[in-house]
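Take a look at the structure below.
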Amino acid sequence: MHYIELSDVTFAYAPDEPAVFCGFSFFAKKGECVIVRGDNGTGKSTLFRLLNGLSFPQKGRFMFDGEEITAAYLKDNRNAKGFHKRIGYLFQNADIMLFNGKVYDEVAFGPRQMGLPEADVKQRTEDCLALFDIMDLSDKAPYHLSGGQKKKVAFAAVLSLSPDVVILDEPFAGLDRKTAAQVVDLLYSLKKSGKTIILATHLDEMPDDLYDRVVCL
Amino acid sequence: MNELPDWMIEDDIYVPPKDGGAFIVKTLQTIAEIMTRIQVQHGHEKRFALPATVKFVALIGLLIILSLSHEPLPLLIFAAFIHAYLCTWSARDIWLILKTALFAAVVAFVLLLPAIIFSPAGLIRCLVIVIKVFFGVEMVNIFNHTTQWNHITSALRKLHIPAVFVFTLDITLKYIVLLGELIDGLLTALLLRSVGKNDGKYNTVGGVMGVTFLRSAEMNQQMYEAMRCRGFTDDY
C-alpha cells in the first residue's frame, strides 16, 4: 500500500457526462516528487480535486496514509480538517485562493486556526514570508498584488500549515525566471525534508534530479 | 530562497479542535450553486423553435390575458394547453418547471390565507389568484427554459427596449456564472485551509464577499474595455 493511492478509479462530474477517468490508478510514495503531465482537458485538475477530497470517485478508492478517504469520512469535521491540514494545494489560479485583507493575515490564516500561540503564528508567518522574500508585502492587500506576487503569497499560505503533501497545479505559470528558480530551490528543500510533492508542470521547468517519476494522463 | 524553518521539517502531530459554524460556508456554497445554476440553461430551444421575439410578445400577451380573466373556465382551458405542451417534455424538465411554479403558488396561498379565513365567501376568488400565480410562473419558466439568454436580450432590443437596460441585463447574466465560479473557487480555498477553529468567521466571510465584489467590478471593466477594443460603441 502506497502513501497516496487511487486504485481503479472511475469518475465523471455528472451521470450524463463522459467519464474523466475510467479504471485509472495513481500512487505516490512518501517523500516522492511526482510530475503529472497531460494536455488540456486530460484530467490534471480533476486528479488534484480527487487527491484533495473535493470530489470522490464513483468507482475505485482513494487511500491516504492507510485511510480510505470517502465523502462519509470527510463528513466528520475533525477528519476533514485533519486531512486538509496534511495536504496543501496550490491552485493554478492563485488569485482565487486569497480572501484576507492583508498578506500577513493571509499567511497567518492557517496557523491561527490551528490554535497556535500568537508568538508561534507570528514566527510561522514571518518564516513563510521570508521563504519567498515577500516580507515587504506583509501589510499590503493581496488583491492589489501582481500575478507572481499573488502566487508567492498563496504558496506561503499553503506552507504555513506545514502539510505532509504539497500538490501544485502549474506552480511556475506566471512567474518570472528568477522567481521560478527560487521555487525550484524551495521544492528541493521540501523534498529533502521528506515532503511528498505532486505537481503539474512542464518537464523543461524541472531539473531531472528533482522529480522521481512522471505520470502522463 | 531561504532554508526551511525547523517547524516545517519536524513531524507535526496536529489534532483539529472542534469548531461549529460551518453554516456560513454551507450557506455561501448554496449561493454559489444557485448563481451557477441560473446561467446554465439546458434549454429546449429546438423543441419550440419560434423566434425569441415572438415568444416574448406571446408571453406578455398571455400574461395579460391571464391577469384579466376572472372565471375559472378560461383558466382551465389555459391549463389544458400549457400542460399538453409540457407533456412532450422529459419528466426531469417538467419537474424543474413545476417546482418553482408550485412554490410560488404555495407562497401566494399562504399570503391569501387570512383573507380566506376571515372571508370564506371569497374562497373561489382567492383560489383563482393562486392558480393565476401558478400559471404565470409556469409560463415564465417555460419561456426561460426554451429561450437562451442571448436570444432574450436580442428580442428585447428588437422590441426597442432601451440599450442601457439590455446591456446591463446582458452583462449581468453573463457574469452571474463567472461570479458563481469565483465564489466557488474562493470557498474551495477557504475549505482547504479551514483546518481548525476560526475565531474570525465573519471577517473571513466579509473577505470572500469583498474579493467577489472587487473582482466583479474588475471583470465588468475588463469586459467593457475588451468590447470597446473590438468596436463596441455603447450602442447595443
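Shown for chain B are the DSSP H helices of 18 Å or more along their axis, judged by Cα atoms, with a mean Kyte-Doolittle hydropathy of at least 1.0: B:52-68, B:72-86, B:91-118, B:123-146, B:163-193. Secondary structure note: in chain A, about 40% of the DSSP beta bridges are antiparallel. Between A:ILE4 and A:ALA28, A:ASP65, the built amide H atoms are under 5 Å apart, and every one of these is 5 or more places off in sequence or on another chain. Its Cα gyration tensor gives chain A an equivalent ellipsoid, and the semi-axes of that ellipsoid, as √(5λ) in whole Å with the largest first, are 28, 20, 17.
Loop sites by DSSP among the trypsin sites (Lys or Arg not before Pro) of chain B, restricted to those with at most 11 other Cβ atoms within 10 angstrom, leave B:47-229 as the longest stretch without any of them. For A:PHE56, neighbours were defined as the other residues whose beta-carbon sits under 13 Å from its Cβ, and their charges (Lys and Arg +1, Asp and Glu -1) total +3.
Axis angle, to the nearest 10 degrees, between helix A:177-192 and the longest C-alpha principal axis of chain A: 70 degrees. Take each residue in A:71-82, count the other chain C-beta atoms within 10 Å of its C-beta, and the mean is 3. Most tightly packed first, judged by the mean number of other beta-carbon atoms within 10 Å of their residues, the peptides A:62-69, B:136-143 read B:136-143, A:62-69.
The C-alpha atoms of chain A define a longest principal axis, and helix A:118-131 lies at about 80 degrees to it. Of the trypsin sites (Lys or Arg not before Pro) found in segment A:34-64, not one falls in a DSSP loop while having at most 10 other beta-carbon atoms within 10 Å.
Taking other C-beta atoms within 10 Å as the exposure proxy, A:SER25, A:SER55 rank A:SER25, A:SER55 from fewest upward.
The ranking of A:MET1, B:MET227, A:MET135 by Cβ neighbour count inside 10 Å, starting from the fewest, reads A:MET1, A:MET135, B:MET227.
Take each residue in A:138-148, count the other chain C-beta atoms within 10 Å of its C-beta, and the mean is 1.
With both bridge residues required to lie in the protein assembly as shown, what share of the DSSP beta bridges run antiparallel, to the nearest 5%? Just about 40 percent of them are antiparallel. Ordered by the number of other Cβ atoms lying within 10 Å of each residue's own Cβ, fewest first, A:ASP127, A:ASP176, B:ASP12 fall into the sequence A:ASP176, B:ASP12, A:ASP127. Under the criterion of Cα pairs below 8 Å and six or more residues apart, the relative contact order for chain A equals 28 percent.
Peptides B:150-156, B:160-166 ranked from most to least packed, by the mean per-residue count of other Cβ atoms within 10 Å: B:150-156, B:160-166.
With point charges of +1 on the Cβ of Lys and Arg and -1 on the Cβ of Asp and Glu, referenced to the Cα centre of the protein assembly as shown, which listed residue (B:THR233, B:ALA217, A:SER162) lies farthest in the positive direction of the dipole? Checked the options; the winner is B:THR233. In this rough spin-label picture, where each label sits 7 Å from Cα along the Cβ direction, the B:THR100-B:ASP234 distance is 3.4 nm. Based on the alpha-carbon gyration tensor of chain B and its eigenvalue square roots a ≥ b ≥ c, which shape applies: rounded if a/c is under 1.5, prolate if not and a/b is larger than b/c, or oblate? In terms of gyration-tensor shape, oblate. Counted by Cβ distance under 9 Å from B:MET8, the other residues give a net charge of -2, where Lys and Arg count +1 and Asp and Glu count -1. Rounded to the nearest 10 degrees, the inclination of helix A:103-113 to the longest alpha-carbon principal axis of chain A is 60 degrees. Computed about the Cα centre, the dipole magnitude for segment A:46-168 is approximately 460 debye when only Lys and Arg (+1) and Asp and Glu (-1) carry charge, each at its Cβ. Computed over the alpha-carbon atoms, the protein assembly as shown gives an Rg to Rh ratio of 1.06, Rh here being the Kirkwood radius from the mean inverse distance.
Any read-out appearing in this document is the output of simple, stated calculations on the displayed coordinates, not a laboratory observation. Please read all numbers here as calculations on a predicted model, not as lab measurements. When we count neighbours, we look across all protein chains shown, and the Cβ atoms used for this are built from the backbone with ideal geometry, even at glycine.
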